[in-house]
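Participant: There's a structure below that I have some questions on.
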Amino acid sequence: MSVEELTVATIFIENQPRQANPKQNLLHACLSLGYDVPYFCWHPALGSVGACRQCAVKQFRDERDAKGKLVMACMTPAAEGTRISISDSDAASFRAAVIQGLMQSHPHDCPVCDEGGECHLQDMTVMTGHRLRTYSFGKRTFRNQYLGPLVNHEMNRCIQCQRCVRFYREYAGGQDLNAFHLRNSIYYGRHEDGVLESEFSGNLVEICPTGVFTDATLKQHYTRKWDLQMAPSICVHCSLGCNTSVGERYGTLRRVVNRYNHEVNGYFLCDRGRFGYEFVESPARIRHPLVDGKAATKSEALERFGTLLREGNAIGIGSPRASLESNFALRTLVGPERFYAGIPKGELQLLNSMLRILRQGPARSPSLDEIEHCDAVFVLGEDLTNTAPIMALRLRQSVRQAPMRIADGLHIPDWLDHAVRGAVQDAKGPLFVASPYATKLDEIATATCRAAPDDLARLAFAVAHVIDPSAPPLAGASKDEEEMACKIAKALLEAERPLVVSGTSCMNQSMVEAAAQVAWALCKAGRPAALSYTAAECNNFGLSLLEPRPLSEAFRAIKDNPETTLIVLENDLARRSPADEVDSLLRDVRHLVALDHLGNATTEAAELVLPAGTFAESDGTLVNSEGRAQRYFQVFDPSSEVQSSWRWLAEGAAAAGLEDQVLGHSLDQLTAVMSDVMPELRTLPSVAPPRSAAGKIAREPIRYSGRTAMLANISVHEPKPPDDPDSALAFSMESGPGVVPPALRPFFWAPGWNSVQSVNKFQDEIGGPLRGHDPGVRLIELSSRPNWKYFSVIPPAFAPQPDSWLLVPIFHIFGSEELSRHAPGISQLVSQPYLAVNPIEASLLGVKAGEQLKVLIEESQYELEVVLRADLPRGIAGLHAAGPPLDGITLPVYCRLAAVGSELSARGAQ
Ligand code: SF4
Ligand code: SF4
Ligand code: FES
């Protein structure tokens, strides 16, 4: 066996034989084996560049070599027989000298630095033993920049490790952050002050090993990191389910950081997920029950709820942003046949189709880690950077998979980052993006196609036919369509791990089916194709697993019988249906009960409002677009009546004396009931260990301060921490013995490792799965007996209309999502609603950019600012809706347009 084929190498560390992965470098291997080696510039996601010289170790030729030589561990392969010493005195003093050099200009400001206490530079300084500063001259200083409301800049703390620009530019594709050199001064920033443009800029906060880039939202309500009470959580701002660790102090939520999950988000979050948390402290929060519009106590609210439920005739509308448990509790309370999805009918149909396709077809839905390792990708109808940002970040890495073969051929290990990039240059693997308008991923795409949703679906059907001629052909395909289809099909067929991505953005059934057709054709051709569907909200897939009825049927049921009690769960109906329909429903229904955490049109109309907990004040399970069920846990016990919606519903059932509605009064009881009732959810209890099975787990770190004093204004006696009936997590610093299961780990910390890099101590192999397995259980798997056949209905080609436009949604990472809009930091970056049209069509309409345009959608007329987009196909207009009433418009829809002052034809939608 050649050296390159070895999967395990024996290396000697301090003369002890250890098993290592020869495909790794020595730093990676040593950290994986549990050794402490200081480092700065290396990162498992970025690879090695050897810039900081901090990871020096002594390497020996063989056991007789007593002299050895210093090498950088991150730049040296863990090859069979390698002998090194970490503790060698030359290596140790070299590392201390490097730190001393870095510290020369580093300010002595740890006590006031936002990074203090969670700083990799502090940890590495202590690890190297550098304690005394002897440099007494002036320090190099810089001017800081304003980088927007999300990220702070303090350049004097920089140690020139290069991680920030490597992440920002090479990994995430950003352009507006760079290294600027002037003699001995290297400046990391923008060419001028301004908001960072990357959707992933918040990761600088974690990637920078010191306090140059820090969380500007935390700064608004700063607390020391060790004073945060924390809990494991799941991001609620898109369907990917990134894992987060959220922190609270004095009853308010302070920040969100990444919680490593190898299969899902790895080391990163998008800015919406990281900074959107501030909606929890929004002035629009509902913190107390309201009965007939007046503040009420919990018992008064439950009394009214019980009375309404006893009257009978209740129906429930669920929500894709509420947990599986809360939706299930509502479904049980009103009965499955009276439980409706809180999303438009078309969206529910798409989700049901996706579930059917993923279960019955031969193509599996991949994890985000698997997506990163796909080597040819076809994105159909999605603007992923704005709708599923971390998937877009993963796809940016996937285009490196195929060119890696160039580096392999040159025997360059994949971790040797600059050498790999030098060998690969601008080569990119196949990525095809077909969407109604230009997306950010286009810049790394092999080819793009911009067309109406039906035409995009047609292209995909054509691709499927090229891959497998037994798939139905596309009648009347144009030459361009044929050429593009052949190009995409060839690339997918040649790949080892092809992937097709689509979703609900275009609300197009043909597109969902066409994506499946391509993946299925690949499977039939013997390729292990993966098929990934994204959705708009964090629990779209969980909601559809509960088989709700379409929302329109709820509207009809109330019209037929207004003597109904309507219970709306964490949902603003004004976002789901046209305003006139919602207005008449809310007016006509006899009783309206709303459970939610932010005030909206639905809660305003409700007779009874119950304050629901956000992800920070409640527990529950969300099913992400992979089909992975993941649990989030309450971070703090709210002092108000806020509680999980499922608990309100269970207590309401009890208040009404509805003994037959078996819901359970704790999370474990409820998940047990759910797994009994719904075969699809039988594995739900294993998503996280039940309370009884895990020992007590502290939400507070051992350095948590002030607990005896923080409530001294109320009582000088330290109060007993609140009990948590729903999980093994305790509102205290005390943990029981035993290993904390990854799904219940509130934060990563290990002695000597106080920064986010401490996750190293919880992985079997650095950058690999968490020890004990990554959190989450897949609920959507392929059937053991696939039952599928090709779709045969291909839509006709889109034909632009002479006097109407097909209006499609345009997504923005900030503004297109309901909850994060309420975060003060993000709200500063939300663009106003606008209507985008092709410049040629704008000139025909007689409007210019920035002017107002009249838009007639069905019976409603709006005036919107015009944005010109040459990438929009003729006959297509784009709507960026950033709030009500535009949120309630179900797109795509035909509309009519006219310049303000011109007449709109009275003809409505076509
Ligand atoms: S700003 Fe931070 S990440 Fe960038 S080079 Fe300086 S220390 Fe490294
Ligand atoms: S990609 Fe989605 S789930 Fe992940 S952090 Fe961003 S908004 Fe949250
Ligand atoms: S970590 Fe090895 S040189 Fe920087």
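Here, each number is a calculation from the coordinates, and none is a lab measurement. Small disclaimer: the values here were computed from a predicted structure and weren't measured. Every residue, glycine as well, gets a Cβ built from its backbone with ideal geometry; the counts of neighbours run over all protein chains shown.
Participant: Considering only 518, 326, 708, whose Cα is most displaced toward the positive end of the charge dipole of the chain, charges sitting on Cβ of Lys, Arg (+1) and Asp, Glu (-1)?
Facilitator: After comparing all options, I get 708.
Participant: Using unit Cβ charges (K, R positive; D, E negative) and no other charged atoms, how large, in debye to the nearest 20, is the dipole of segment 623-675 about its Cα centre? Before the final figure, lay out the partial values.
Facilitator: Details: 3 positive and 7 negative charges, 46 e Å.
Dipole of segment 623-675, to the nearest 20 debye: 220 debye.
Participant: State the extension gain, in nm to one decimal, for the chain segment bounded by residue 637 and residue 193, taking 0.36 nm per residue of separation less the distance between their alpha-carbons.
Facilitator: Working it through step by step, the gained length comes to 155.8 nm.
Participant: Quick check on the chain: helices-only [θ] at 222 nm, where DSSP H runs of length 4 and up contribute -39,500 (n - 2.57) each and the sum goes over total residues. Nearest 500, please. Walk me through the numbers before you get to the answer.
Facilitator: Values: 25 runs with 228 residues, N = 910.
Helix-only estimate at 222 nm: -7000 deg cm²/dmol.
Participant: So, one more: For the pairs 225/720; 487/524; 58/225; 345/490; 345/487, flag any whose C-alpha to C-alpha distance is greater than 27 Å. Display every interim value, and only then the final one.
Facilitator: Details: 225/720 23 Å; 487/524 19 Å; 58/225 35 Å; 345/490 36 Å; 345/487 35 Å.
Checking Cα-Cα distances, 58/225; 345/490; 345/487 exceed 27 Å.
Participant: Okay, next question. Taking amide hydrogens as modeled 1.01 Å from N in the peptide plane, which residues meet the under 5 Å criterion relative to residue 568, leaving out close sequence neighbours?
Facilitator: 317, 593, 594, 595
Participant: Something else: Starting from the amide H of residue 770, placed 1.01 Å from N in the peptide plane, find each other amide H under 5 Å away whose residue is 5 or more places distant or on another chain.
Facilitator: Result for residue 770 returns 262.
Participant: Which FRET efficiency value, to the nearest 0.05, do you get for residue 109 and residue 718 by plugging their Cβ-Cβ distance into 1/(1 + (r/R0)^6) with R0 = 41 Å? Don't skip to the end; give the middle numbers.
Facilitator: Working: r = 33 Å, r/R0 = 0.80.
Approximately 0.80, to the nearest 0.05.
Participant: Any idea what the dipole of the chain comes to, in debye rounded to 20, about its Cα centre with Lys/Arg Cβ at +1 and Asp/Glu Cβ at -1?
Facilitator: The calculated dipole for the chain is roughly 2300 debye.
Participant: Please get the size of the charge dipole for segment 218-296, origin at its Cα centre, with Cβ charges of +1 on Lys and Arg and -1 on Asp and Glu, quoted in debye to the nearest 20.
Facilitator: That gives a dipole near 260 debye.
Participant: Using θ = phi - 60° and the Karplus curve 6.51 cos²θ - 1.76 cosθ + 1.60, what whole-Hz ³J(HN,Hα) does each residue of segment 50-58 get, with Gly and Pro shown as x?
Facilitator: x, 8, 8, 6, 8, 9, 4, 9, 9
Participant: Which residues' amide hydrogens lie under 5 Å from the amide hydrogen of residue 266, considering only partners 5 or more residues apart or on another chain, with H built in the peptide plane?
Facilitator: Under 5 Å from the amide H of residue 266: 261.
Participant: Please compute the length gained on full extension between residue 79 and residue 784, using 0.36 nm multiplied by the number of residues separating them and subtracting their Cα-Cα distance.
Facilitator: 249.6 nm
Participant: Using the basic label-point model (7 angstrom from Cα toward the beta carbon), what is the residue 496 to residue 584 distance in nanometres?
Facilitator: The two pseudo-label positions are separated by 6.0 nm.
Participant: In the chain, if the dipole is taken from +1 on Lys/Arg beta carbons and -1 on Asp/Glu beta carbons about the Cα centre, which of 656, 177, 70 is farthest to the positive end?
Facilitator: Of the options given, the answer is 70.
Participant: Note the full-extension length gain between residue 356 and residue 733 as 0.36 nm times their separation in residues minus their Cα-Cα distance, in nm to one decimal.
Facilitator: In short, 131.1 nm is gained.
Participant: Starting at the first residue of segment 194-208, write each ³J(HN,Hα) from the Karplus equation 6.51 cos²θ - 1.76 cosθ + 1.60 with θ = phi - 60°, in whole Hz, x for Gly and Pro.
Facilitator: x, 5, 4, 8, 6, 6, 10, 4, x, 5, 4, 4, 9, 6, 6
Participant: Consider just the alpha-carbon atoms of the chain and return their Rg together with their Dmax, both in angstrom.
Facilitator: Final numbers for Rg and Dmax: 28.4, 93 Å.
Participant: Can you tell which of 186, 565, 820 lies farthest toward the positive end of the dipole of the chain, using +1 and -1 charges on the Cβ of basic and acidic side chains (Lys, Arg; Asp, Glu)?
Facilitator: Ranked along the dipole, the leading option is 186.
Participant: OK, next. Among 239-247, 464-472, 26-34, how do they line up from the highest to the lowest mean number of other beta-carbon atoms within 10 Å?
Facilitator: With the highest mean Cβ count within 10 Å placed first, the list reads 239-247, 26-34, 464-472.
Participant: Can you give the Rg and Dmax of segment 132-230 based on its C-alpha atoms, in angstrom?
Facilitator: When restricted to the Cα atoms of segment 132-230, Rg and Dmax are 14.4, 45 Å.
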